[in-house]
Structure formats: C-alpha cells, structure tokens
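For reference, the structure is listed below as structure tokens.
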Amino acid sequence: MACSSGGTTTTSSGGSDLQGEIDQRKKRRMLSNRESARRSRMRKQKHLDDLMTQLSQLRKESTQIMSSISMTTQHFMSVEAENSVLRAQVAELSHWLDSLNDIIAAMKQPIHAGSGFVEEQYEGGYTEFGDEFTNNSLNNLFACQPIMASPDMILY
C-alpha cells in the first residue's frame, strides 16, 4: 500500500517489519522474565526446604539434649542422695569412734584403792572391773543405736 503525501511515497511494509521486530523483542523479554521468575521461585523453594530440614534437625538435636540433661539431672540427684547418706554415716561413725575412744581412755585409767574396788592386773593389762565396764558399755551402746539414714528417706 502506497501513500502519497507531498510527492514522497512510503510503504507500510517497512513499518510492519519494525513493529514485528519490536513484538518479537517483547516476546523474548517476556519469556526471559518468566524464566527468571521461575528460577527465582525455585531458589526460594529450595531455600525454604533447606530451612525446614535444618529446623527438623535442630529440633531432633534439642530433644536429644533435653533427654541427656534429664538423665544427667536424675543421676546427679541420685548421687546427691547417696552423698547425704554417706555424710550421715560418717557423722554417726565418728560419734561412735569418739565414744569408743572415751571408753578405752576410761579403761586405761587406774582404779584407786580408796574407791572400794580392788585393782587386779592380769595378762591383758586390764582390770576385772574394766572388762565388766567394757562389756556393759558396749552392750548399751549397741542397744541404743540411732536409726540409719538411707537414700529412700530423702524426698525431692
């Protein structure tokens, strides 16, 4: 189609080639943008999947750590209870040792003649009175034993 204006003629086919080229560029850019957007969505999805995997792994580790802490705490409490019992036993045995040392010290003291008792020495070096005193004292000592502590008595 030719058009005449002031003596020059132009063809509309040249304009149509230019318009077709512009349309072609728009299509290529649109496809390129779509592909870029698709790749971006895929990267975001992969990142989200990686974060979800990491979250799952961290939750699993947290559960294991909490379980370990719980077991360690229970073990600590058990050891503390046993330690308390042992401390009570040490105190009790120390008291018994002190009492026995007092008895031995009393047995080693000589009996004075003015007390009405006769001091008779024999092979062991102790008096008849000392042996009788020891037997009666030990019987009384064991008859009045305090109640022993046990781990079952300690409540948390």
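The values are calculated or read from the model by the stated rules, or taken from the named source; none is laboratory data. Predicted, not measured: the structure shown is a model, and the values here were computed from it. No Cβ is skipped: glycine too gets one built from the backbone with ideal geometry, and neighbour counts run over all protein chains shown.
Residues are listed down the side, and each one gets a yes or a no for (1) in contact (Cβ under 8 Å) with a residue 12 or more places away in the chain; (2) within 16 Å of the chain's Cα centre (by Cα); (3) not in a helix (DSSP H, G or I):
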{"site": "31", "(1), (2), (3)": "no, no, no"}
{"site": "34", "(1), (2), (3)": "no, no, no"}
{"site": "47", "(1), (2), (3)": "no, no, no"}
{"site": "57", "(1), (2), (3)": "no, no, no"}
{"site": "68", "(1), (2), (3)": "no, yes, no"}
{"site": "81", "(1), (2), (3)": "yes, no, no"}
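Out of the range 96-126, which residues are of a type in the set (S, T, N, Q) and either touching a helix residue (DSSP H, G or I) at 6+ places or on another chain (Cβ under 7 Å) or at pLDDT below 55 (or both)?
Our first condition is that a residue be of a type in the set (S, T, N, Q); within the range 96-126, this holds for 99, 101, 109, 115, 121.
Once the filter is applied, which keeps residues that are of a type in the set (S, T, N, Q) and either touching a helix residue (DSSP H, G or I) at 6+ places or on another chain (Cβ under 7 Å) or at pLDDT below 55 (or both), the range 96-126 yields 99, 115, 121.
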